[in-house]
Amino acid sequence: MKRVFLFLVIAQFVYLLLLKWVNPPITVTQLSNWFQYGLKRDYVDAEDMSRYAKLAVIASEDQLFADHNGFDWKSIEKAMEYNKRKPNRVRGASTISQQTAKNVFLWQGRSWIRKGLEIYFTFMIELLWGKQRILEMYLNVIEMGPGVFGIEAASRHYFNKPARDLTRAEASKIAACLPNPRKFTVKPASRYVNYRSGQIMRQMNNLSDDPDILAIITTK
């Protein structure tokens with residue numbers, strides 16, 4: 001039993017380290033969606049993603065991405081307080097790093113076991129991958145529509161163009177659907193997506209000169 005446990009520990013560490021350079025063959029979320037919606041997915045390197053796409057998801061999902069170590073503790077505290085006051089309305093506070101860890105290694109859900117594993121994998125990818133790789137992986141594996149995973153597939157599905165050619169407005173619309181990509185439609189854009197994309201573009205303008213963010217979204 002100890003040998004099996006040791007093997008599993010070593011195997012997951014090797015896999016985690018390997019993903020610093022290669023993309024996962026498939027994730028649990030992609031597999032579960034495959035049977036219901038099909039699977040549209042096309043992994044691309046960071047240099048083949050529009051800078052607007054990178055900036056849009058940071059503006060939308062995690063404006064402190066460049067500054068934290070994987071966890072936004074203030075947002076987590078606020079979410080916990082909110083959830084205590086309104087237990088029927090659960091508010092999340094996941095960073096891009098946490099969402100990446102969950103979508104690459106784990107499954108969807110709110111169990112304490114999954115949350116504990118999410119903390120572990122978030123810590124590890126922050127330690128081993130770095131911010132640029134985390135953002136690149138996030139933009140490759142996140143669900144952006146029913147059965148649509150990653151910015152390349154989303155860009156081609158919604159706008160018939162590769163992800164590197166996305167405009168600021170197009171990238172903001174894709175980012176706007178992320179809270180619930182099965183509910184909030186990008187094309188035709190739902191009322192929420194139109195409203196939220198305008199907010200995201202304003203935040204993109206505010207963040208566009210931040211040197212720490214520029215270091216992450218700029219590829220050599």
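Past 29 Å, Cα to Cα: identify those pairs from Lys2/Lys131; Lys115/Lys161; Lys2/Lys74; Lys131/Lys173, in the order given.
Too far apart for the 29 Å limit: Lys2/Lys131; Lys115/Lys161; Lys2/Lys74.
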request  = Return the sequence-ordered ³J(HN,Hα) values of region 174-180 in whole Hz as given by the Karplus equation 6.51 cos²θ - 1.76 cosθ + 1.60 applied to θ = phi - 60°, using x for Gly and Pro.
outcome  = 5, 4, 5, 7, 4, x, 7
inquiry  = If I stretch the segment between Phe123 and Thr219 completely, what's the gain in nm (0.36 nm per residue apart, minus their alpha carbon distance), one decimal?
reply    = 32.2 nm
message = From the phi angles alone, apply the Karplus equation (6.51, -1.76, 1.60; θ = phi - 60°) to region 145-154 and give each ³J(HN,Hα) in whole Hz, x where the residue is Gly or Pro.
response = x, x, x, 10, 10, x, 5, 5, 5, 5
query = Under the classification rounded if a/c is under 1.5, otherwise prolate if a/b is larger than b/c and oblate if not, where does region 25-217 fall, given a ≥ b ≥ c as square roots of the Cα gyration tensor eigenvalues?
reply = rounded
ask   = Among residues other than Ser208 whose Cβ falls under 13 Å from its Cβ, what is the net charge (Lys/Arg +1, Asp/Glu -1)?
value = +1
inquiry  = For a Förster distance of 25 Å, can you work out the FRET efficiency between the beta-carbons of Ile26 and Val4, rounded to the nearest 0.05?
reply    = 0.55
Karplus 3J(HN,Hα) series, Hz, for region 23-30 with 6.51 cos²θ - 1.76 cosθ + 1.60 (x for Gly, Pro) = 9, x, x, 6, 10, 4, 5, 4
inquiry  = If R₀ is 45 angstrom, what is the calculated FRET efficiency for the pair Val14 and Tyr195, using the beta carbon separation as r and rounding to 0.05?
reply    = 0.50
request  = Scan around Lys40 for amide H atoms under 5 Å from its own, H built in the peptide plane at 1.01 Å from N, and keep only partners 5 or more places away or cross-chain.
outcome  = Val148, Phe149
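If you rank Asp165, Asp62, Asp48 by fewest surrounding Cβ atoms within 10 Å, what's the result? Don't skip to the answer; put the middle values down first.
On the way: Asp165 12, Asp62 22, Asp48 16.
By the 10 Å Cβ count, ascending: Asp165, Asp48, Asp62.
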request  = Filter the trypsin sites (Lys or Arg not before Pro) in region 1-53 to those in DSSP coil with at most 16 other Cβ atoms within 10 Å of their Cβ, and list the result.
outcome  = Lys20
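FYI, it's all coordinate maths here, none of it is from the lab. The structure presented is a predicted model; accordingly, all values stated were derived computationally and were not measured. A quick note on method: Cβ atoms are made from the backbone with ideal geometry, for glycine too, and the neighbour counts reach across all protein chains shown.
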